[in-house]
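What follows is one structure encoded as structure tokens, with my remarks underneath.
Just so you know, all these numbers are worked out from the coordinates, no wet-lab data involved. Here the structure is a predicted model, which is why all the values come from computation and not from measurement. Heads up, the Cβs are rebuilt from the backbone with ideal geometry, glycines too, and the neighbour counts pull from every protein chain shown.
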Amino acid sequence: MTSSAAFKPIPMVSGGRAGTGHFEEFVTTPIEFLHRAYAECGELAEFDMGGLHTVLMVGPDAHEAFFRAPDEQLNAAAAYQMMVPVFGEGVQYGAEPGIERQQLRIQYQGLKHDRMINYAGVVAREVEDFIQGWGDEGVLDFYQAFTDLTLKTSTHCLLGSEFRYRLTDEFADLYRDLEKGIDPSALLDPTQQKESFQKRDQARARLEELITEAVRSRREGGVEHNDMLQIYMDATYEDGSKLTDHEITGMVIWFMFAGHHTSSNTSAWTLLEIARHPQYLAELTAEVDRLHAQEGELSLKALREIPLLEGFIREALRLHPPLNAISRRVLKDFIYKEHLIEAGKNVMLCPHVSHQLPEYFPDPARFDPKRPQPENVFAAIPFGGGKRKCVGNAFALLQVKAIFCALLSRYQFELCAEPESYREVMPALILRPSDPCLLRYRRRGDGKPDERKMP
Amino acid sequence: MSQCRVEIDKDLCQGHGVCESEAPRIFKVTEGDSAYPQAQILIEPIPENQKALAKKAARYCPNGAITVVELDE
């Protein structure tokens, strides 16, 4: 242990209770609590998660130190054990570091540049299916709608068409049970006896049956497919061994979780912000129409040149980041500036707090799709950062852009209630819009969209 | 004519391959010991006629891992 005498103390957040500390407040109102922690204590704020002392680190300097620290010092697996029952023992944070590294390499195959170039067209075709039957106008719950849509688009792009068209209601329900098994109480003990965790475990077991059956029938069929399931089936570890069916199931769930959450929430927030800011609508639709006029099928490169839509998505990710408790366990004493964070504690970053620092984001509460990106690469961290940054970040942006290029070329959107009634809620450690997330869609009346064929 | 060189922050690079796609004479993504492949620099300094491509690679890198550094004449 490093002697703490020479270091400056880290301020403690007020209001901790005997025994449970700040845990209940964190579980009940995590975002409000973390904002309060920063307002009270500044760059470093310590709080007590029922015995697990945690230090919130705020701002680009702190983010950089956090992300550049080696895994042997600030460890992700120890901090994210709540994901082990979801993905399964022996997968990702439930595996030895050397195995996890090899599994990451396997997952990465689906996000290689040569695969990404085909994904925009797949998303556009899914949106075409999605809007079939919409008619000229109507009202939809777009949080639910985007959850369904992005489950299909993510699955179709990342796991392939065979898997996509096996996506039955049962599969979607099981997936939701897994999601509900991730709540703030899982941070402390993901194995406790409670109904949502039992359902999570039952869903994981049933998914393994379904995926194992898919693998078996594919092996018997003897036909090679160009998708991730095939990559999982063919992959070998460095010692020559193959992934077990249990591991393949975990890899599928892991990939779906990673590709789905951020995209569905970001799509919902982007749509809400588009509807909240009608002053940009003409410019936004002109941008999308111009892109469609230039390109047949949307290409990866073309989707890079839509600055206003990209600005909407980036601002949605800045003000409503889906993941707000990016955590590591301190395995070796960690010194930041003149402070010592001792081994055994957790460190945490909260994008929702950091993304509102006025030094990096002037007038931070204002939604401004034309806001320049901060030069400091550690200022905006909706996907984390460093070696463990969400490697699907480029895919997520591509997917959301492709969804909106397709939607905005056909429809316009309006809120169905007062703008402030669409609130932020965070029931399962993921920030999302409150229910119901109703918006009215109306077919564009300017005639332009019908001149163009959807891909 | 001014020259430049490029730097890759290896703590940030996850081998997305956008740089190699934009500027294949400057960048190559290779497998190493880390979980993800990483970009390597093939030439230094960057010739004048490749400079615009180097800047494009830096601009579109999803992780902001590339910096273009101008060299004094």
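Before moving on, here are some points about what is shown:
- Each helix, a run of at least 4 DSSP H residues, gives -39500 (n - 2.57); summed and divided by the residues of chain A, these come to -14500 deg cm²/dmol at 222 nm.
- FRET efficiency, A:Glu32 to B:Gln40 (Cβ-Cβ, R0 51 Å, nearest 0.05): 0.65
- Note on A:Lys332: aspartates and glutamates with a C-alpha under 15 Å away, same-chain residues under 8 apart excluded, are A:Asp71, A:Glu72, A:Glu342.
- Unit charges at the beta carbon, dipole of chain B: most positive-side option, B:Ala39, B:Gln50, B:Gln3: B:Gln50
- Linear extension gain, A:Asp148 paired with A:Lys112, 0.36 nm per residue minus alpha-carbon span: 10.5 nm
- Taking amide H as placed 1.01 Å from N in the peptide plane, the amide H of A:Leu52 sits under 5 Å from none that are at least 5 places away or on another chain.
- For the listed residue pairs A:Lys401/B:Lys55; A:Lys194/A:Lys387; A:Lys389/B:Lys51; B:Lys10/B:Lys51; A:Lys345/B:Lys56, the alpha carbons are over 31 angstrom apart in A:Lys194/A:Lys387; A:Lys345/B:Lys56.
- Distance between the pseudo-spin-label points of A:Glu420 and A:Tyr237 (7 Å out from Cα toward the beta carbon): 5.6 nm.
- For peptide A:379-392, the mean count of partner chain Cβ atoms within 10 Å of a residue's Cβ comes to 3.
- Proxy reagent accessibility, fewest Cβ within 10 Å first, across A:Val123, A:Val330, A:Val215, A:Val223: A:Val223, A:Val215, A:Val330, A:Val123
- Among A:Lys332, B:Lys51, a tally of other beta-carbon atoms within 10 Å of each Cβ gives an order, fewest to most, of A:Lys332, B:Lys51.
- Charge dipole magnitude, Cβ of K and R +1, D and E -1 - the protein assembly as shown, Cα centre, debye nearest 20: 520
- Amide H within-cut-off set for A:Gly138, under 5 Å, with H built and near neighbours excluded: A:Tyr441
- If a spin label sat at a point 7 angstrom from the Cα of A:Ala6 along the line to its beta carbon, the backbone N atoms of the stretch A:338-355 nearer than 13 Å would be those of A:338-340.
- Positive-end residue, the stretch A:1-135 charge dipole about Cα centroid, Cβ charges, pick of A:Tyr93, A:Ala120, A:Ala65: A:Ala120
- When each of the peptides B:29-35, A:288-294, A:116-122 is scored by the mean number of other C-beta atoms lying within 10 Å of its residues, the order from highest to lowest reads A:116-122, A:288-294, B:29-35.
- Take each residue of peptide B:20-32, count the partner chain Cβ atoms within 10 Å of its Cβ, and average: the result is 1.
- Here the residues A:Cys390, B:Cys61, ranked from fewest to most Cβ neighbours within 10 Å of their Cβ, fall in the order A:Cys390, B:Cys61.
- Spin-label proximity, A:Gln356 to the stretch A:397-430 - amide N less than 13 Å from point 7 Å beyond Cα toward beta carbon: A:424-425
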